[in-house]
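Peer 1: The structure that follows is given in the form of structure tokens.
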Amino acid sequence: MSASFAIRPIGLLRAAGIILGKDLLIEWRTRARINALVFFAVATLLLFSFALGPDVDLLRQNAAGYMWLGILFASVLSLSESFRVEAENATLEGLKLVPTDPRAVFLGKACGNAVMIFALCLILLPVMVAIYDVSIAEGLPKLSLVLAIGCLAISAPGTIFAAISANARARDVLLPLLLFPMLVPALLSVVKATALVLQGDLQDSLRSWLGLLCCFSVIYWALGFAVFPKVIED
Amino acid sequence: MTPGARNRFILAVALLVAAGALAFIAFGDIGKNLVYYWSPSEMLAQGERAFGPTIRLGGVVQPGSVEWSAQKTSVKFRVADSHKSESASVVVHCEQTPPQMFREGIGVVVEGTLDKSQVFKSKRLMVNHSNEYRPPKEGEKPADWKGSVSEAAEQK
Amino acid sequence: MLYVTIALFALAVGLFALHLFWAKARGWVWKAVAVLGGAMLPAGAYFGLSWAPSEQDMGEVYRIIFVHVPMVWAALLALVVNFVASAAYLFKRSWTSDSLGEAGAEVGVVFGVVGLLLGSIWGRPTWGVWWDWDPRLTTTAIMLVLYTGYLALRKFVDDPEKRATWSAVVGVIAAVDLPIVWFSVRWWKSIHQVQSNPKTIDRSMFVVLVFNVVAFMCALFVYLWHRFLIAKAARAREVALPSALPPAGPQEAA
Amino acid sequence: MSFLTHAMLAQVGQGRIEGGWEYIWAAYGLTWLSLALYGVSLWLRRRSGEPPKELS
């Protein structure tokens, strides 16, 4: 293996897959990150219902918004963690030395973050159904699709900004400061799409919102893919 | 391909994809359904589901439909899809004093709820000005517009 | 009036081009622009407040258009400058494009915040509300927060090279919002009116509007240029060797 | 109901805005103030880039 590394660079996708597998393996060994995330996100969801009082109609109506806010807050933790892990033993330097396109690091990391956030979504879903008393009107497959694209839309800019803020001063302030406004358009469309799936879609506008969300994801991923080598270069 | 050229190629493709997605948002059809407000016909098409939640309704004030309360503190009117008299319309009961520009035939956006008797109760009324700017007609001056305006307002 | 405005417009564009392409002229061109803008701003205010006729629906209040529109256009233009500079930096590193990006973002945020406030002041008497979460207003607010984040990032990173690269990355990504702001009124039903054009504005008002736009562009140019000089000088100081070794004089103590 | 509200209500529904100069003055004032203040801030920062030796 190491011999072939030295001889020729391995393919972009393959390298990305290896990095993704490595991240997931590290996560699987301790499961510390996902546990913390789930706890944090569930606490956020509960806090929303405590703060707003026992108004079931209100909670049900805004369930999608609360859920995505919970996911967004939790994902900030997850994203900064994904680069802190690398910084601890200077393994990011090691990744940079691997004779492959640095974009592979972006693809691997961003996919890893997306998987992470999506796992969080899936765990959060039954919790949300229980405490906000929502039913899934349009079916689970559609809902998972919306959730998956939403996670993709968060993870690409999240990975870029996490890589940037990991090395800056005051990184805990900087990541949300950069990420949240950037995500507003995507957040808006994913919340709307989720709400339509949860409450039924009479005007057939789900496809529009989903299309908008896909477009934002594509933009974020393409831009992130293009600029990431600049972010981690020295 | 040299690594540098390949790099630039990947970069160009990625940027093109991003620009393409942005252009699709711009010129694709997806914007059509993303509404900030509903027109009366769109709201009526919702049927039962329109009762209850807070809705934004936009359209024109149907000419001849404005009824003021005695103190002019609230107003009832019909919001219609367009200026045509046969277009769909909804009765709006607005408890807020409308802005000065409010009049028959002007575009408005009201925020409120539709109740079961098909009356739209609103606490927030916004007047929508078009992008047309014209001076007053010959011989008219803003100073002459006042109806029963008091001296204080006139001096402004 | 129309011809005077066109002539002034051409003059301003000519000065900008001169500045851009003839490096030797840069010492004095900005002064000429400053004089031009300094003369046109009060004149534009006079034309807007008194020369232009009142409007048939909005009466006098519409006169806010003569400051609101140029202000927001100037802000958008400054942020476009930021985008171009950011993209240029990613292709080819240079302190010039980095400084230009910094200048564009800061001037854009300042003009944008003021433009948004002006819109709010205009919205109260016409729409009846100070603020509404309509697409145009929302995207503009997002834009300002985004570039505030950009400026914060610049403050938080000490290494000039890293700061330049990262802020260029953020500048490129943030620029996605700019076309959305511009087109939001066309893509979505909005309470904000779509952009006016000569056909929808009475001639006398249009001339005044263009006059004011030229005046604000001159102001924007002067501000951008000076902000750029400040940023460039700051970069030069940052990357200079610590208390530069060769001319070790007594004043080098610091 | 105060005198002013009464005056305001009397104008309602004519479809035209009368007066409102206070908004215009606020807008123009804000414009000029911000342009001036930003200009001053640039002026104050004009030497910030020069080497420290000149500052001290």
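Peer 1: Is there a quick way to get the dipole size of chain A? I mean about its Cα centre, with the Cβ of Lys and Arg at +1 and of Asp and Glu at -1; what is the value in debye to the nearest 20? Write down the numbers at each step before the final one.
Peer 2: Details: 17 positive and 16 negative charges, 110 e Å.
Rounded to the nearest 20 debye, it is 520 debye.
Peer 1: Moving on. Given DSSP loops and a limit of at most 12 other Cβ atoms within 10 Å, what is the longest stretch of chain C that contains no such chymotrypsin sites (Phe, Trp or Tyr not before Pro)?
Peer 2: Details: sites that count: C:TRP22, C:TRP130, C:TRP133.
That would be C:134-254.
Peer 1: May I pose another question? Sort A:PHE228, A:PHE83 by Cβ crowding within 10 Å, fewest neighbours at the top.
Peer 2: Working: A:PHE228 25, A:PHE83 22.
Ordered by Cβ neighbours within 10 Å, fewest first: A:PHE83, A:PHE228.
Peer 1: Would you mind working out the magnitude of the charge dipole of chain C relative to its Cα centre, with +1 at each Lys and Arg C-beta and -1 at each Asp and Glu C-beta, to the nearest 20 Debye? Don't skip to the answer; put the middle values down first.
Peer 2: Details: 20 positive and 15 negative charges, 101 e Å.
That gives a dipole near 480 debye.
Peer 1: Given 10 °C and 1.306 mPa s, how large is the Stokes-Einstein diffusion coefficient of region A:171-234 in µm²/s, with Rh as the Kirkwood radius over Cα pairs?
Peer 2: On the way: Rh = 13.6 Å.
So the translational diffusion coefficient is about 117 µm²/s.
Peer 1: Give me the orientation-averaged projected area of the Cα convex hull of the protein assembly as shown, in nm², one decimal.
Peer 2: Details: hull surface 151.1 nm².
Hull-based average projected area comes out at 37.8 nm².
Peer 1: Using alpha carbons only, how many degrees (0 to 90, rounded to 10) separate the axis of helix C:26-46 from the longest principal axis of chain C?
Peer 2: 20 degrees
Peer 1: Using a 10 Å Cβ count of at most 16 others and DSSP loop calls, identify the longest part of chain C lacking such trypsin sites (Lys or Arg not before Pro). Don't skip to the end; give the middle numbers.
Peer 2: Values: sites that count: C:LYS92, C:ARG93, C:LYS199.
Longest run free of exposed loop sites: C:94-198.
Peer 1: For a test of understanding, tell me how many lysine pairs in region A:2-232 have Cα atoms under 18 Å apart, given they are 8 or more places apart or on different chains. Numbers along the way, then the final one.
Peer 2: Details: A:LYS22/A:LYS96; A:LYS22/A:LYS109; A:LYS96/A:LYS109; A:LYS96/A:LYS230; A:LYS109/A:LYS230; A:LYS142/A:LYS192.
Value for region A:2-232: 6.
Peer 1: What is the distance in Å between the Cα centroid of region A:155-234 and that of region C:61-113?
Peer 2: 23 Å
Peer 1: Wrap a convex hull around the Cα atoms of region B:35-128, take a quarter of its surface area, and give that in square nanometres.
Peer 2: Numbers: hull surface 22.3 nm².
Averaging across all directions leaves 5.6 nm² for the Cα convex hull.
Peer 1: Let me ask you something else. Across region A:18-130, how large is the tail of the calculated P(r) beyond 23 Å, expressed as a percent of all Cα pairs? Please report the intermediate quantities before stating the final value.
Peer 2: On the way: 2392 of 6328 pairs.
Across region A:18-130, Cα pairs with separations above 23 Å total 38 percent.
Peer 1: Order by neighbour count: A:MET116, C:MET1, fewest other Cβ atoms within 10 Å first, most last. Each step should come with its number before you reach the end.
Peer 2: Working: A:MET116 24, C:MET1 12.
By the 10 Å Cβ count, ascending: C:MET1, A:MET116.
Peer 1: Work through the residues other than C:VAL194 whose Cβ is under 15 Å from its Cβ and net out their charges, Lys, Arg +1 and Asp, Glu -1.
Peer 2: Details: positive: C:ARG136, C:ARG186, C:LYS189, C:LYS199; negative: B:GLU132, C:ASP134.
Value of the local net charge: +2.
Peer 1: Give me the Å³ per residue figure for the convex hull around the C-alpha atoms of region A:2-232.
Peer 2: Working: hull volume 28.7 nm³, N = 231.
It is 124 Å³ per residue.
Peer 1: So, one more: Return the long-range amide H neighbours of C:VAL157 (sequence gap of 5 or more, or a different chain), with a cut-off of under 5 Å between placed amide H atoms.
Peer 2: Residues meeting the criterion, in which the H sits 1.01 Å from N, do not exist here.
Peer 1: Using θ = phi - 60° and the Karplus form 6.51 cos²θ - 1.76 cosθ + 1.60, what ³J(HN,Hα) does each residue of region C:89-99 get, whole Hz, x for Gly and Pro?
Peer 2: Per residue, the Karplus-derived 3J(HN,Hα) values read 5, 5, 7, 8, 5, 7, 5, 4, 5, 4, 5 Hz.
Peer 1: Another question, if that's okay. With Kirkwood's inverse mean 1/r over C-alpha pairs for Rh, give me the Rg to Rh ratio of region C:2-238, two decimals please.
Peer 2: On the way: Rg = 18.6 Å, Rh = 18.8 Å.
Radius of gyration relative to Kirkwood radius: 0.99.
Every number here is computed from the coordinates shown, using simple stated rules; none is lab data. No experiment lies behind these values; they were computed from the predicted model shown. Every residue, glycine as well, gets a Cβ built from its backbone with ideal geometry; the counts of neighbours run over all protein chains shown.
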